[in-house]
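Down below is the structure, laid out as structure tokens.
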Amino acid sequence: MKFKKSFIYLFAAVFLFAGVGESFAKTLKASHQWPGTKRKDGKFDVRHEMVQIIADEMKKANVGVNIRIYPAKSLYKPKEQWKPMTTGQLDISAFPLAYAAKFHPEFDITLMPGMVKNHKHALRVNNSPMMKTIKKIINDAGVVVLSDAWLAGGFVSKKNCITNPESVKGQVFRAAGKAFNQMLEGAGAGIQGMPSSEIYNGLQTGVLDGANTSSGSFVSYRIYEQVKCATPPGKYGLWFMYEPILMSKKSFDSLTSKQQKALMKAGKVAEKYMTREAAGLDTTMEKAYKKAGVKLSYMTKADFDAWLAIAKKTSYKNFATKVPGGQKLIDQALAVK
């Protein structure tokens, strides 16, 4: 009888620790603000897809780590994800870094008008001294970068096409960060602060006349249903934003070395996907807005220069004088050719 009981206990132990698999895996929570469902074009938002790729890669790696994704701000509000990452309450987030500039004002450099010129330039900026400084601040705050990601963006308006600074006068705009707010105010626009997930409602209710955001968000949030004209990035896009996949350092440090290596490798797979997709997001925006009957307009070199002149008197000046080491960060960013 004792032998029989011992055999049963041994069998149960083997079953529990070797046979049940995923139920004993560590589950990480990943949060972001974008839809987790397919759009009309059959694609997911690129930032959701990046997180999903990391989750899929970790499943393939079979190292005892599962990732549960909470899209569409279902776990945390968009701008409230940074602090929980620093404390380990939130494990992973697809996060526009400038959203955390109230904690670390240096982060506003990652959404500075005209700082990043195009998608290829963004890749070079990733390896610049400026980004090394930014990543040290991220790391020192208790957060790890799993994947780099830069998204281009543009303008939309319910009233008219946005090209030169004169075209925004008297309109109320949403811009993603302080630097763009300052530039738009310098051009005579009013400002309403909100995450990109609230732009549609802001336009619909009349709180907003226009907005800045990424090409990806312009499509994923169906903003084409609320506007008359859109200005895609085109050849002279002003708007580039750093939107990496981040992870709590506390959560990362709790993993085994094998799990950490698998996670960093998964992050690189997601980053390569983003690098392939980035420029295509701008084309997708153009197609979606044309199909919806929205007029498309593009900035000229003269328009771009006029905006940059205002940005240097407002955004750049404020950043250089009010942010510790601000001028050095600007110089480092502008040194990337």
Given pairs Lys120/Lys337; Lys83/Lys328; Lys228/Lys287; Lys79/Lys178; Lys26/Lys59 and cut-off 19 Å on Cα-Cα distance, the over-length ones are Lys83/Lys328
For Leu296, other-chain or 5+-apart residues with amide H closer than 5 Å (H placed, Pro excluded) are Ala230
Karplus-derived 3J(HN,Hα) from phi for segment 150-159 (6.51 cos²θ - 1.76 cosθ + 1.60, θ = phi - 60°), whole Hz, x at Gly and Pro, runs 10, 10, 7, x, x, 10, 9, 8, 7, 9
Diffing segment 199-210: the Karplus 3J(HN,Hα) column from phi (6.51, -1.76, 1.60, θ = phi - 60°), in whole Hz with x for Gly and Pro, holds 4, 4, 5, x, 5, 5, 8, x, 5, 10, 9, x
Relative contact order of the chain (C-alpha contacts under 8 Å, at least 6 apart) in percent is 24 percent
Calc'd 3J(HN,Hα), segment 302-316, phi into Karplus 6.51 cos²θ - 1.76 cosθ + 1.60 (θ = phi - 60°), Hz, glycine/Pro = x, comes to 5, 4, 4, 5, 5, 5, 5, 4, 5, 4, 5, 7, 10, 4, 5
When the charge dipole of the chain is computed with +1 on Lys and Arg Cβ and -1 on Asp and Glu Cβ about the Cα centre, the Cα farthest towards its positive end, among Gly206, Phe44, Gly216, belongs to Phe44
The correct pair for the chain, radius of gyration to one decimal and Dmax as a whole number, both in Å and from Cα atoms, is 22.2, 91
Check: C-alpha center segment 287-337 vs C-alpha center segment 97-159, spacing in Å is 13 Å
With the dipole of segment 163-318 defined by +1 on each Lys or Arg Cβ and -1 on each Asp or Glu Cβ, the option from Gly293, Ala179, Thr256 whose Cα lies farthest towards the positive pole is Thr256
Taking 232-244, 119-131 and ranking on average Cβ neighbours within 10 Å, highest first, one gets 232-244, 119-131
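For segment 178-337, report the translational diffusion coefficient in µm²/s to the nearest whole number, using Stokes-Einstein at 25 °C, 0.890 mPa s, and a Kirkwood Rh over Cα pairs. All intermediate terms of the calculation are to be shown ahead of the outcome.
Values: Rh = 18.5 Å.
Estimated diffusion coefficient is 133 µm²/s.
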Taking 212-221, 96-105, 177-186 and ranking on average Cβ neighbours within 10 Å, highest first, one gets 212-221, 177-186, 96-105
Note to self, the chain gives a 222 nm [θ] from helices alone (DSSP H runs n ≥ 4, -39500 (n - 2.57) apiece, / all residues, nearest 500) of -13000 deg cm²/dmol
For segment 185-267, the Debye formula with one identical point scatterer on each Cα and no solvent gives log10 I(q)/I(0) at q = 0.15, 0.17, 0.21, 0.22 Å⁻¹ as -0.71, -0.80, -1.01, -1.08
Fewest to most Cβ atoms within 10 Å: Ile69, Ile191 sort as Ile191, Ile69
Any aspartates and glutamates whose Cα falls less than 16 Å from that of Lys317, other than same-chain ones fewer than 8 residues away, would be Glu106, Asp108, Glu185, Asp331
Farthest towards the positive end of the dipole of the chain, among Ala279, Ala311, Pro233 and with Cβ unit charges of +1 on Lys and Arg and -1 on Asp and Glu, lies the Cα of Ala279
Residues whose built amide H sits under 5 Å from the amide H of Val144, excluding neighbours closer than 5 in sequence, are Met247, Ser248, Lys249
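Taken together, the values in this text are just the output of simple stated rules run on the coordinates, not laboratory data. Predicted, not measured: the structure shown is a model, and the values here were computed from it. We place every Cβ from the backbone using ideal geometry, glycine too, and count neighbours over all the protein chains shown.
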